[in-house]
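Asker: A single structure is presented below for examination.
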Amino acid sequence: MPGTAGMLPPVSGPSFPAGPRLRLTAGQFNEIVAHCYDGLPDEACGLLGGPVDAAGVPEGTVTTVYPCRNEDASARTYTIDSRDHIKALRAAEEAGGDLIGVFHSHTHTEAYPSETDVRQAVEPNWIYVLVSLKHEAPVFRAYRIVDGTIGEVPVEISR
Amino acid sequence: MLRPHANGASTVTAAGDTVGELFDDLVRQYPGLASHLRNDDGTLHRFVNVYRNDDDIRYLDKLDTKLEESDVVSILPAVAGG
C-alpha cells in the first residue's frame with residue numbers, strides 16, 4: 001500500500017508498561033541504517049549502549065552503536081555474533097552504562113517485529129529497533145516487547 | 001532471563017574443572033537453570049552464549065573447556081530474531 005510504509009499500528013493496549021523514548025543523534029541513526037544496507041542481501045544487526053537507572057532500566061539515550069556480525073548470515077533471521085555481543089557489553093559497561101537494545105533489518109518486510117522477533121525477545125527493558133529496507137527509503141521504528149506484547153517506542157533524533 | 005532462576009543474583013559461585021562440571025554444580029544449586037543451559041541431549045543450549053573470561057566456549061572446547069580457580073564464566077542469552 002503506497003503511503004503507508006511502516007505505519008502499522010502497534011498492538012499494545014493501555015496496560016503496556018510505560019518506558020522511555022529512544023533518543024539518538026543523526027550520526028547514530030545514519031550508522032545504524034548504513035550497517036543495515038551494508039548487510040544486504042542478509043539481515044544486519046547490532047547492539048545499542050547507553051545509560052540505565054539504578055534498577056538497570058534504560059533511560060533511552062543511545063551513547064554508542066555497536067554494529068555486529070549476523071551469525072546466521074541469513075536474509076530471514078539474525079543472531080548477534082556471540083563474540084561481538086560480549087565485546088559490546090564490556091564496552092557499554094566500561095562507559096558506565098549497559099546494553100539498552102538491539103537493532104536489525106528486515107530486507108523484504110515492514111519495520112515491525114516478526115513472530116520470531118517476539119518469541120525470541122528476552123529483555124523486556126530493551127528497545128528493539130527495526131529498520132525496513134523494503135521500500136525506496138529506509139523505515140526506522142522502535143519497540144519494546146514484553147511477555148509477547150509489542151509496544152511502539154517513540155524515536156527522537158537530534159543533531 | 002536467567003537471573004530469576006538464580007534467586008535474582010547476577011553473580012554466583014560454583015565449582016568444576018570444566019564448564020560442563022560447573023553447570024552440574026550450578027543446576028544443583030538452581031535447578032530452574034537446567035533447561036536454559038543444556039538441551040535434552042546434554043549439549044549446550046543454542047540460545048545461550050557462554051564465555052570463559054570473555055572467550056566464547058564454542059570456539060574453545062565447548063562444555064569440556066577447562067577452568068581454573070580464578071576464571072570467570074559469563075552466561076548471556078543469545079540475541080536473535082527473524
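Since every read-out is calculated from the coordinates, none of them should be taken as a lab result. Keep in mind the model is a prediction, meaning the values are calculated, not measured. For neighbour counting, all protein chains shown are included, and Cβ atoms are generated from backbone atoms with ideal geometry for every residue, glycine included.
Asker: Taking 8 Å as the Cα distance limit and 6 or more residues as the minimum spacing, I'd like the relative contact order of region A:15-136 as a percentage.
Answerer: 26 percent
Asker: Take the Cβ-Cβ distance between B:Arg28 and A:Lys87 as r, set R0 to 25 Å, and report the resulting FRET efficiency rounded to the nearest 0.05.
Answerer: 0.20
Asker: Right, next: Magnitude of the Cβ-charge dipole of chain A, K/R +1 and D/E -1, about the Cα centre, nearest 20 debye?
Answerer: I would put it at about 220 debye.
Asker: For A:Val155 and A:Ala26, compute 0.36 nm times the residue count separating them, minus their Cα-Cα distance, and round to one decimal in nm.
Answerer: 45.3 nm
Asker: In sequence order, what are the phi-derived ³J(HN,Hα) couplings for region A:107-119 according to the Karplus relation 6.51 cos²θ - 1.76 cosθ + 1.60 with θ = phi - 60°, rounded to whole Hz, with x for glycine and proline?
Answerer: Here the 3J(HN,Hα) series is 7, 10, 10, 6, 7, 8, x, 7, 4, 5, 4, 5, 5 Hz.
Asker: Could you tell me whether region A:55-159 comes out rounded, prolate or oblate from its Cα gyration tensor? Rule is a ≥ b ≥ c as square roots of the eigenvalues, rounded for a/c under 1.5, then prolate if a/b exceeds b/c, otherwise oblate.
Answerer: Verdict is rounded for region A:55-159.
Asker: Work out the charge dipole of chain A with +1 on the Cβ of Lys and Arg and -1 on the Cβ of Asp and Glu about the Cα centre, then indicate which of A:Ile100, A:Ala18, A:Val118 is farthest towards its positive end.
Answerer: Ranked along the dipole, the leading option is A:Ala18.
Asker: Ok, one more. Return the single residue from A:Pro113, A:Pro58, A:Pro17 with maximal mean-square fluctuation; model: Gaussian network over chain A, springs between Cα atoms under 10 Å.
Answerer: With Cα springs under 10 Å in chain A, the top fluctuation among A:Pro113, A:Pro58, A:Pro17 is at A:Pro17.
Asker: Something else about it: Under a point spin-label approximation (7 Å from Cα along Cα-to-Cβ), what is the A:Tyr37-A:Glu136 distance to one decimal in nm?
Answerer: Calculated label separation equals 1.5 nm.
Asker: Charges only on Cβ, +1 for Lys and Arg, -1 for Asp and Glu: so what's the dipole of chain B about the Cα centre, in debye to the nearest 20?
Answerer: 420 debye
Asker: Hey, another quick one. Between A:Tyr78 and residues 5 or more places away or on another chain, which pairs have amide H atoms under 5 Å apart, with H built 1.01 Å from N, and which residues are they?
Answerer: B:Gly81, B:Gly82
Asker: Relative to the present Cα-Cα distance, how much length would full extension add between B:Glu21 and B:Glu69 at 0.36 nm per residue of separation?
Answerer: Here the answer is 16.0 nm.
Asker: Relative contact order (percent) for chain B, with alpha-carbon contacts under 8 angstrom and 6 or more residues of separation?
Answerer: 30 percent
Asker: Can you give the charge dipole size of region A:71-130 about its Cα centre, rounded to the nearest 20 debye, using +1 on the beta carbon of Lys and Arg and -1 on the beta carbon of Asp and Glu?
Answerer: 60 debye
Asker: Calculate, for B:Thr43 and A:Ala54, the FRET efficiency according to 1/(1 + (r/R0)^6) with r their C-beta to C-beta distance and R0 51 Å; round to the nearest 0.05.
Answerer: 0.85
Asker: Which shape class, rounded, prolate or oblate, goes with region B:1-42 when its Cα gyration tensor gives a ≥ b ≥ c as root eigenvalues, a/c under 1.5 marks rounded, and past that a/b bigger than b/c marks prolate?
Answerer: Working: a/c = 2.20, a/b = 1.18, b/c = 1.86.
Judged from the Cα gyration tensor, region B:1-42 comes out oblate (a/c at least 1.5, b/c at or above a/b).
Asker: At A:Ala73 and A:Arg119, where each label point lies 7 Å from the Cα along Cα→Cβ, what is the point-to-point distance in nanometres?
Answerer: Inter-label distance under the simple model: 2.4 nm.
Asker: Please say if chain B is rounded, prolate or oblate, where rounded means a/c under 1.5 for a ≥ b ≥ c the square roots of the C-alpha gyration tensor eigenvalues, and otherwise the choice is prolate for a/b larger than b/c and oblate otherwise?
Answerer: In terms of gyration-tensor shape, rounded.
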